[in-house]
Amino acid sequence: MAQIWYKTEIDRQSIIDKAHENTLVETLDIKITEIGDDFIKGTMPVDSRTKQPAGLLHGGASMALAETLASTGAYLCVDPEKYRVVGQEINANHVRSATSGHVTGIAKPVFLGKRTQVWEIKIYKFLYIYNMTIGMHLFFSTPIWSSKIEKYQTVNNSCLLYTSPSPRDRG
């Protein structure tokens with residue numbers, strides 16, 4: 001497959017590392033380890049930061065790894081001067097558990113549209129041992145400078161944001 005990234009001549013790794021400073025990504029020690037032509041790969045430790053009280057990898061930590069990989073990939077596919085990327089939906093099936101070491105996630109796009117993307121993320125503990133598959137829908141909002149959040153509403157545990165164009169966009 002040909003490269004899917006918006007710009008190919010930039011140092012994507014340094015941009016990603018800078019963006020992840022002082023965020024949950026840094027707190028959980030999630031590392032982007034490879035950016036292929038059509039995938040993002042990263043790791044996360046299974047330690048006191050990412051385990052549930054039962055000593056297993058916390059499902060929320062797995063979701064954080066998955067969303068980090070998919071959002072990073074989606075971000076690299078768009079013009080960041082025009083659009084921002086936010087998660088729209090994420091769901092997961094936990095097939096196996098992890099209790100130590102690191103897990104590795106690989107995110108690949110299933111659909112790359114003009115306003116939405118769908119990514120599949122597989123998280124592994126060992127090579128060939130499947131830990132979890134996550135599907136994530138991402139939405140590209142209107143350009144960063146042209147919208148503001150007017151109100152939000154929670155419906156079935158989903159947060160719906162209502163935006164309006166800024167005066168600049170109203171012409």
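The values are calculated or read from the model by the stated rules, or taken from the named source; none is laboratory data. None of these values were measured; they are calculated from a predicted model. For neighbour counting, all protein chains shown are included, and Cβ atoms are generated from backbone atoms with ideal geometry for every residue, glycine included.
Taking every residue in the range 39-58 that is under 25 Å from residue 3 (Cβ atoms) and pairing it with any residue that is among the aromatic types (Phe, Trp, Tyr), at least 6 positions away or on another chain, the pairs with Cβ-Cβ distances below 9 Å are 40/119. Residues of the range 3-34 that are closer than 18 Å to residue 77 by Cβ, of a type in the set (Asp, Glu) and modelled with pLDDT of 85 or more: 34 alone. The number of residues in the range 29-57 being closer than 13 Å to residue 102 by Cα and over 14 Å from the mean Cα position of the chain (by Cα) comes to 11. One residue is enough: does the range 82-96 have a residue meeting the conditions on the phi > 0 side of the Ramachandran plot and either modelled with pLDDT under 90 or surrounded by fewer than 15 Cβ atoms within 10 Å (Cβ to Cβ) (or both)? No, that holds for no residue. The residue that is nearest to residue 105 (Cα to Cα), among those in the range 24-53 that are out of contact with any Ser or Thr (no Cβ under 9 Å at 6 or more places or on another chain) and part of a loop (DSSP other than H, G, I, E, B), is 39.
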